[in-house]
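Read the structure below first, then the notes.
The values are calculated or read from the model by the stated rules, or taken from the named source; none is laboratory data. Note that the structure is predicted; figures quoted are calculated from it, not measured. Every residue, glycine as well, gets a Cβ built from its backbone with ideal geometry; the counts of neighbours run over all protein chains shown.
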Amino acid sequence: GRWNAPGGKIRDGETPEEGAKREFFEETGMEAQNLEKIGTLNFFAHNIRSKSEWIVYVFVAKSASGSMKKKSREGFLKWFDSTSVPFEEMWEDEPKEYYIVVVENASSNEADIAQRWQAQVANQLMGG
């Protein structure tokens, strides 16, 4: 298996924030609070950049309430400390979302993690 953050598709009539809250609850059993949109990723088919094949809205929850499930339909759930994120066990596109969360919104105590991550992402994007 691979690790990834909670997420999914927006339903008809939902805003991206409503969809993020619903998906977080469905997958973790917890309610996301103080949600903040921190990025948008556009994915293109066959490197044709005229129209996005799909768009990912990246949110971070400043807090959450409730108890996390041990398992969801997607698999087992686990929190990782920002210093021990298993990058090598993530789906290929997941690092781009993590990059937005950690690098672009890093606090001073995460700056070294962010710089290491930035180098790793750059290496992966270049095929290294």
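Yes or no, residue by residue, for (1) part of a strand (DSSP E or B); (2) of a type outside the set (Lys, Arg):
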position: PHE24; (1), (2): no, yes
position: GLU36; (1), (2): yes, yes
position: LEU41; (1), (2): yes, yes
position: HIS46; (1), (2): no, yes
position: LYS51; (1), (2): no, no
position: ILE55; (1), (2): yes, yes
position: VAL60; (1), (2): yes, yes
position: ALA64; (1), (2): yes, yes
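The set of residues from region 17-59 being without any contact (Cβ under 8 Å) to a residue 40 or more places away in the chain, among the acidic types (Asp, Glu) and surrounded by 15 or more Cβ atoms within 10 Å (Cβ to Cβ) comprises just one member, GLU23.
Residues in region 69-92 that are surrounded by 14 or more Cβ atoms within 10 Å (Cβ to Cβ) and hydrophobic (A, V, I, L, M, F, W, C): LEU77, VAL85, PHE87, MET90. When region 1-21 is filtered for residues that are at pLDDT below 90 and in a loop (DSSP other than H, G, I, E, B), the ones remaining, listed by number, are GLY1, ARG2, ASN4, ALA5, PRO6, GLY7, GLY8, LYS9.
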